[in-house]
Amino acid sequence: MEMPVETPEWLNVCFVQKALRKSEEDNSINVIDIFTKPATKKGDNYTSDMIRAMVEYTQDEAGRKVTKKKSIIIKISPINDGIRKDLILSSPLFNTEMSMMSNTLIKMNQLLKFKHLLSAKCLYIQKEDIPLLVLEDLAPLGFRMADREAGLDLAHSILALQGLAKFHATSVAVCEKEPSQKQLYAGGMFNPDHPHTFRDFFNVSVESLGKEIETWPEIDQKYAKKMINIASKMYDIGMKVSRPREGDFCVINHGDFWVNNMLFKYNDAGKPISHICVDFQLAVYTSPAIDLLYFLSTSPSVETIENNKDVLLDEYLKTLSCTMKEIGCKTQPPTIEKLKDSLKERAAYGMIASFTVLPIVVCDKDNIRDLDEILGGGDDGGYENPSIKGALFRKIISKRIPMYDEMGLLDL
């Protein structure tokens with residue numbers, strides 16, 4: 001059973017009033033009432049507790065008191081005790097996001113003159129006691145999640161990669177002006193400073209997938225053996241391929257760029273017209289191949305990725321180059337050849353995402369587990385994630401494993 005997040009006692013009128021007064025720099029704000037509810041469904045948010053609050057308040061405008069309503073998101077490092085709480089508090093995740101939201105992203109958004117939003121506005125940050133962020137709620141602006149299980153179609157995928165390209169381009173400009181920004185994001189997903197539970201998640205996932213494949217008649221058993229052999233090295237391989245290299249074109253990567261960490265806005269015909277990122281806990285300064293491989297391995301539908309990979313890469317590079325030129329970057333963008341080379345060199349990153357994140361993406365809602373359940377696992381206290389048994393995942397991964405083997409990735 002998942003514990004619903006109770007609204008903590010400190011999250012009251014007084015706290016919200018302090019946050020709003022600070023964010024609007026206006027002490028005439030008086031909060032009348034707040035209504036709270038959990039902001040995400042199970043399986044949508046692994047590393048923080050999110051509460052949505054509808055705030056009713058008054059504010060002085062031209063000498064009159066005006067009553068207003070505003071929806072905000074309070075993102076809190078995990079409250080309920082458990083593996084997840086220990087994991088997040090002992091890792092650099094929350095600090096990374098605070099630094100992105102209160103510093104780097106503000107500068108990145110300004111470069112685009114707010115014509116395209118890269119992120120929600122951060123209204124308030126608390127570093128002491130309980131680390132938390134108060135963010136504007138993107139739902140009233142028309143943003144919502146795309147359908148995770150179906151996979152993104154071409155229109156969604158192009159929009160996502162254009163958004164990613166703008167994100168990467170503006171990060172280049174920010175790092176040119178302030179090289180110290182790069183040091184803020186040296187961590188990422190594969191980071192020696194993460195607690196061992198983090199490492200376990202990847203290694204044990206791949207091991208249990210290897211064992212699962214032993215029961216699949218449609219797949220050559222040599223692959224299962226190779227995967228079980230390589231499982232204990234997964235995290236180290238992740239660290240190796242995600243580090244920046246000499247002479248690489250580098251950007252601040254989102255670091256966790258998959259369908260769950262983005263929202264889309266739609267027109268009346270239901271066509272996606274705008275894209276925005278959320279969740280910046282794993283931002284990392286390195287080759288953009290990291291975000292690209294992670295996204296392409298997890299988020300587009302099978303059909304989209306099988307038929308349009310080049311279209312997607314071209315769209316990304318076109319937007320990256322245009323944006324870099326527009327905002328006056330001195331650094332040159334990579335050529336398409338150079339970009340494809342870096343994707344090849346780091347292909348193992350996509351493989352790891354396929355083995356560990358993809359099963360969560362295509363998992364049907366009834367089988368979704370939260371992080372405490374996955375890591376605390378089965379009856380034997382081991383790790384348990386039923387999503388690797390899903391039919392769609394099985395179909396996709398049976399095709400990908402031989403391909404990874406052919407690339408030599410199962411012999412690393």
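The values are calculated or read from the model by the stated rules, or taken from the named source; none is laboratory data. Please read these numbers as outputs of a predicted model, since none were measured by experiment. In this analysis, Cβ positions are derived from the backbone assuming ideal geometry, glycine residues included, and neighbour counts consider all displayed protein chains. Heads up: the accessible areas ignore ligands, DNA and RNA and are worked out on the full protein's heavy atoms, side chains in. Shrake-Rupley method; radii C 1.70, N 1.55, O 1.52, S 1.80 Å.
Structure above, values below:
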read-out	value
Residue 243 accessible area, assembled protein chains, probe 1.4 Å, Å²	120 Å²
Dipole magnitude (debye, nearest 20) for the chain, charges at Cβ of Lys, Arg, Asp, Glu	1180 debye
Cα gyration tensor, region 217-372 - rounded (a/c under 1.5), prolate or oblate	oblate
Dipole of the chain, positive end: most advanced residue of 162, 407, 270 [Cβ charges, Cα centre]	162
In degrees, nearest ten, helix 336-345 long axis to first principal axis of the chain (Cα)	70 degrees
Portion, in percent, of the accessible area of the chain that falls on carbon or sulfur, probe 1.4 Å	51 percent
Mean ellipticity per residue at 222 nm, deg cm²/dmol - from DSSP H runs of n ≥ 4 across the chain, formula -39500 (n - 2.57)	-13500 deg cm²/dmol
Residue order for 245, 52, 64 - accessible surface, 1.4 angstrom probe, largest first	64, 245, 52
Cβ-based net charge around residue 214, under 14 Å, with every Lys or Arg adding one and every Asp or Glu removing one	+2
Max mean-square fluctuation residue, GNM over the chain, Cα-Cα springs under 10 Å, options 29, 213, 228	29
Exposure of residue 60 as accessible area (Å², to 10), given a probe of 1.4 Å and all protein chains	70 Å²
Accessible surface ranking that places the most exposed of 170, 7 first, with a 1.4 angstrom probe	7, 170
Tensor-based shape of region 93-187 (alpha-carbon gyration tensor, a/c under 1.5 rounded, otherwise prolate or oblate)	oblate
Per residue value of the accessible surface for region 144-407 (all protein chains in place, 1.4 Å probe), Å²	42 Å²
Which labelled figure in (i) 24.3; (ii) 22.3; (iii) 21.8 is Kirkwood radius over Cα pairs in Å, once derived from the coordinates	(ii)
Entries of 69/166; 182/344; 127/325; 65/107; 271/340 with Cα pairs more than 27 Å apart	69/166; 127/325; 65/107; 271/340
